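K.L.:
Before I ask anything, let me first share the structure, which is written out below as structure tokens.
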Amino acid sequence: MGLSDFITLESEKIMAEFEAFAMQQLPAAADMDVAALRDHARQVLQAVALDMLQPQTKREQREKSLGHSTRADGAGVEAAQIHGSMRAASGFNVNQTAAEYRALRASVIRLWMESGPKLGRDEVFELVRFNEAMDEALAASILYFATEAARMRNLFLGVLSHELRTPLSTIMTSGHSLVLAAQQNKPMPAAADRVLRGSRRIQSLLDDLLDYVRSGLGEGMRVSPKDVDMAVVCERIVAELRANNPGRVIELETLGDSTCVCDEERIAQAVSNLVGNALKYGPADTPVKARIDGSAADQISVSVQNGGPPIPEATRESLFEPLVRGAETEREGYNLGLGLYIVREIALAHRGSASVQSDAQVGTVFSVRLPRGASDAASAAFPGLRMN
């Protein structure tokens, strides 16, 4: 059987090996389903098999040997381009993306040789054509990977500048007012309060950014589990947020045993992010409701509910990813989106989970579920992101 026919007939076996290899590309592949793991690889392979059957002149063969693609468009190139872009967006690094093509090439050749082909002139020529087509697909993927990675980097820097500009402007304006007030020996507590709130906002952004950057460097998020009373942690965070958001109602309810083994500071960060998110996007005239549920013997959960219109189902899946535009941000453009992302990673560091539910009756509820025991806690989080 020729190599092109073998690829077509045994595509599922080849894809199974490709999927198994893609699963090992951690941390990016940790939460991927089958469709995401195989992303456009089958289409790339089908296009390679088809390309091998097309007539090729000596000039075209020489151009390929020099690394010059002779096919600027077509289904194969387009599939490879999409694959490269999607791998960049999914947190793969460039080495992992290139390694996929190396593994795919090796799998195809090994499986074909195991089928016992008769290696004559035509088969050897077909093998050359296969390698040429794979090289073209790899080049297209890496080019679009680099383009998408650069776009995401530039977008991140632009959004960060925008996010910092507002609180910094508040601090500068209020600081100028305080200077004038000092000259007139006139206290201005409101201006001083705006300076503090703006400073806290910048500190929060920089803390989130530091966690994000550490994940990109491979350091992960370290957790130090110890005996913690979740009710005490939540009461402290809620009290701080009530003081920083006068006029807003934040309710806190505790059910069952609120003790567990976790990293107190990380859990406080997660609760603060969840309540802060609810205050930001929930209507000002409806309360934000935080709830600790310790009724289960093996786990404890913290949920935060706010009112307002439901989040579209298509948007919910991306809420825990950084640099995405949600339904609430259409008027304002992108925001960093690191708060919920870090909530999820804190939960994962404890071998827990984070989720969201949203409907017209209840509103929007974000929940974090954690196991009670320290033995279930991981030493690092951030399994789904690398800055490429």
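K.L.:
Loop only by DSSP, 10 or fewer other Cβ within 10 Å of the Cβ. Give me the trypsin sites (Lys or Arg not before Pro) in region 118-203 that pass, ordered by residue number. Mind showing how you got there, number by number?
P.N.:
Values: sites: 118, 121, 129, 151, 153, 165, 194, 197, 200, 201; in loops: 118.
Loop-located and lightly packed - 118.
K.L.:
When you count, for each residue, the other Cβ atoms within 10 Å and take the mean per peptide, how do 360-367, 347-354 rank with the highest first? Kindly include the intermediate steps, with their values, before the conclusion.
P.N.:
Working: 360-367: 16.2, 347-354: 21.0.
Top of the packing list down: 347-354, 360-367.
K.L.:
Return the tail of the calculated pair distribution for region 226-376, meaning the percent of Cα-Cα pairs more than 22 Å apart.
P.N.:
On the way: 4218 of 11325 pairs.
For region 226-376, the share of Cα pairs beyond 22 Å comes to 37 percent.
K.L.:
A further question on this structure: Given q = 0.17, 0.25 Å⁻¹, what are the Debye log10 I(q)/I(0) values for region 79-165, with equal point scatterers placed on the Cα positions and solvent ignored?
P.N.:
Log10 I(q)/I(0), no solvent term: -0.76, -1.13.
K.L.:
Mind giving me the FRET efficiency for residue 200 and residue 259? R0 is 25 Å, r the Cβ-Cβ distance, nearest 0.05 is fine.
P.N.:
Working: r = 29 Å, r/R0 = 1.17.
Efficiency, rounded to the nearest 0.05: 0.30.
K.L.:
Would you work out the charge dipole size for region 6-156 about its Cα centre, treating the Cβ of every Lys and Arg as +1 and the Cβ of every Asp and Glu as -1, and quote it to the nearest 20 debye? Write out the running numbers ahead of the final one.
P.N.:
Details: 17 positive and 21 negative charges, 87 e Å.
Dipole magnitude for region 6-156 comes out near 420 debye.
K.L.:
Tell me the label-point distance for the pair residue 297, residue 111, using the 7 Å Cα-to-Cβ offset, in nm and rounded to one decimal.
P.N.:
Each label point is offset 7 Å from its Cα along the Cβ direction, giving 4.7 nm.
K.L.:
Quick one: if the Förster radius is 25 Å, what FRET efficiency do residue 210 and residue 318 give, using the C-beta to C-beta distance and rounding to 0.05? Before the final figure, lay out the partial values.
P.N.:
On the way: r = 23 Å, r/R0 = 0.92.
That gives a FRET efficiency of 0.60.
K.L.:
With 10 angstrom as the radius, rank 291, 87 by how many other C-beta atoms surround their C-beta, starting from the fewest.
P.N.:
291, 87
K.L.:
OK, next. Determine the shape class of region 3-153: with a ≥ b ≥ c the square roots of the Cα gyration tensor eigenvalues, call it rounded for a/c under 1.5, and otherwise prolate if a/b is greater than b/c, oblate otherwise.
P.N.:
On the way: a/c = 2.34, a/b = 1.33, b/c = 1.75.
Oblate, because a/c is 1.5 or more while a/b does not exceed b/c.
K.L.:
Work out how much length residue 9 to residue 184 would gain on full extension: take 0.36 nm times their residue separation and subtract the Cα-Cα distance, in nm to one decimal.
P.N.:
Numbers: separation 175, 0.36 × 175 = 63.00 nm, distance 8.58 nm.
That pair, residue 9 and residue 184, stretches by 54.4 nm at full extension.
The numbers here are math on the coordinates, done by the rules we state, and not lab data. A quick note: this is a predicted structure, and the numbers were derived from the prediction, not measured. We place every Cβ from the backbone using ideal geometry, glycine too, and count neighbours over all the protein chains shown.
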